[in-house]
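Heads up: the structure comes next, in structure tokens.
The values are calculated or read from the model by the stated rules, or taken from the named source; none is laboratory data. Everything quoted here is computed from the prediction, not taken from an experiment. Note: ideal-geometry Cβ built from the backbone for every residue, glycine included; neighbour counts use all protein chains shown. Side chains are part of the model used for accessible areas, which takes the heavy atoms of the whole protein and leaves out ligands, DNA and RNA. Shrake-Rupley method; radii C 1.70, N 1.55, O 1.52, S 1.80 Å.
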Amino acid sequence: IVLISFYSCENQIKETNKLKLPLPINEPQTNWQRVKINNVGSIDLPPEMEIKGAELTAMTKKLNAIQSKMYDIEISESELIFQPKGVNNKDNESLSKYARVMYESVVGNPGDYQKLTEGIIVTPSELQELNNVLRLQFTEEFKKTPIHIIEWYPIQIVEVNGMSALLISYKRQLNDKPYVHVEAYKFFDDDKVHSLTLSYRISEKKLWEDNLNLILKSFRITKFN
């Protein structure tokens, strides 16, 4: 899905005073681990979740076995996924739950987007036009999959830890499975789009919502243009 071309083509982003970034961050919560994303920043991993990927399973086990010290995990991938702890090992109880935190970075050309240190300013009519474009794009893309949108929420420009972001949120369903709530945050920085998507099964809201909010509050982009 091409999410941002509307901005760059129509010049809908206006430059504002530069923001002072990144905002300070405290040490991770007790038993949480800080995941450092090379050349991007960091995000915190709660003990109820793990990093998707067999190559990281051994590392996660080692870190979980040592509780007396604080360790960081460092990755170089442009894509990172948190999932319920135990899914890597195909634990049945873990597989019965659903929550995901997905980070992805896409690199374009210099000047494609406004810089992260500039705020996002759009008029109500521009925001409504963008909302219509994105809703149509998502609907058309999902028609090619077993996923369909149950409810679409108007897009917003929000502030996340001092960083301006475009928030796309909706309720979706895969086949006849339970509904899932999705929040996708888009951070723009010159030639990059940083995407952070948080989702959880609505029936499990009490299980995941607090941790996902803390994960979002922990996210920092520390390398920017």
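Using the Karplus relation 6.51 cos²θ - 1.76 cosθ + 1.60 with θ = phi - 60°, the per-residue 3J(HN,Hα) values for the stretch 21-33 come to 10, x, 5, x, 9, 7, 5, x, 4, 4, 6, 8, 10 Hz, with x marking Gly and Pro. Note that the stretch 126-225 presents 48 Å² accessible area per residue, ligands and nucleic acids not counted, probe 1.4 Å.
Centroid-to-centroid, using Cα positions, the stretch 177-195 and the stretch 121-168 are 10 Å apart. Selection among L207, P178, V193 by position relative to the dipole of the stretch 148-214 gives P178 as farthest towards the positive end (Cβ unit charges, Cα centre). Using a 1.4 Å probe over the heavy atoms of the protein chains, calculate the carbon and sulfur portion of the accessible area of the stretch 78-225 as a whole percent. C and S fraction of accessible area: 49 percent. At an R0 of 25 angstrom, the distance between the Cβ atoms of N92 and I149 translates into a FRET efficiency of 0.25.
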